[in-house]
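Visitor: Before we start, here is the structure in question, set down as structure tokens.
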Amino acid sequence: MSYCVNCGVELEAAQKSCPLCGVAVINPSEKQQPEEKTTYPKHRDELKKTDRMFWIKLISILLAVPIITCVITNLLSDQRITWSIYVIAGVFILWVLASAPFYFKKFNYVKMLLFDVAGLIIGLFVIEIYAPGNGWVLLIVVPIVLYCILAGLVIIFLAKSGYIRRLGVAAAIFISIAIMLPGLEVLIDIYNLNPIQIAWSWFVIAPCLSVAALLILLNKNKRFKHELQKRLHF
């Protein structure tokens, strides 16, 4: 087993360069063979374009099948549209989530997040209209979704600004989940007209904060981070 002379990553026998730092691998014990010349160019000048409309149409056609099937079945059994409304709303949410990456020329986390959230809220409002217990979307779903938007935007901003990276991003996600859960439990108690108390959320808050603390400690351990980079080649 050989190692990179620059960063110490373990190398396989067939590797010509280090997968981590890109330094060329030279083994003095092996005979160096002259590089074979080829008539083909090393790089192909091709325009890699994604046909965004094609994928949007394909996703739409695939998701239209269960909608049409359920609506026809619903009409044949009940002579009117009843339970198929829930299928339509659910598939609509799935369509928004699946097609969001193709609606923008450049990949933009903020635009995709807002697009997904808008589709989620619209679909849930449709379900609420036909489901018993009106008010749960406005009282529970909308506040939680708005919190997720804010938390996601903050994490994206911190990651792009370089304040957090890799393990730090994972720790921030666990912390945001731990902060959200007490609020979710309070909203559920208010909706059900129960006394406000923090009970079941502690069973999720504790492991989330524990994992976040562990990730932060590991992120500050330079030796561990270096070993992790060597083993995982990133």
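Laboratory data are not the source of any read-out in this text; all were calculated from the coordinates shown. From a predicted model like this one, the values you see are computed outputs, not experimental measurements.
Visitor: What are the extents of the Cα atoms of region 51-133 along their three principal axes, in Å, largest first?
Guide: If we take the Cα atoms of region 51-133, the spans are 46, 31, 10 Å.
Visitor: If you wrap a convex hull around the alpha carbons of region 135-227, what volume per residue comes out, as a whole number of Å³? Each step should come with its number before you reach the end.
Guide: Details: hull volume 7.8 nm³, N = 93.
Convex hull of Cα atoms, per residue: 84 Å³.
Visitor: Could you run the Karplus curve 6.51 cos²θ - 1.76 cosθ + 1.60 with θ = phi - 60° over region 179-196 and give me ³J(HN,Hα) per residue in whole Hz, x for Gly and Pro?
Guide: Residue by residue, region 179-196 yields 6, 6, 4, x, x, 5, 5, 5, 5, 5, 5, 5, 5, 8, 6, 9, x, 6 Hz.
Visitor: What percent does the relative contact order of region 128-216 come to when contacts are Cα pairs within less than 8 Å and at least six residues apart?
Guide: Details: 64 pairs, mean separation 28.2, N = 89.
Rounded, it is 32 percent for region 128-216.
Visitor: Ok, one more. By how many nm would the segment from Leu214 to Lys105 lengthen if fully extended, with 0.36 nm per residue of separation less the alpha-carbon distance? Please report the intermediate quantities before stating the final value.
Guide: Working: separation 109, 0.36 × 109 = 39.24 nm, distance 3.82 nm.
Value of the extension gain: 35.4 nm.
Visitor: Then there is this: Which pairs break 25 Å Cα to Cα here: Lys57/Lys105; Lys111/Lys222; Lys160/Lys222; Lys57/Lys111; Lys106/Lys220? Please report the intermediate quantities before stating the final value.
Guide: Values: Lys57/Lys105 16 Å; Lys111/Lys222 35 Å; Lys160/Lys222 21 Å; Lys57/Lys111 20 Å; Lys106/Lys220 33 Å.
Beyond 25 Å between Cα atoms: Lys111/Lys222; Lys106/Lys220.
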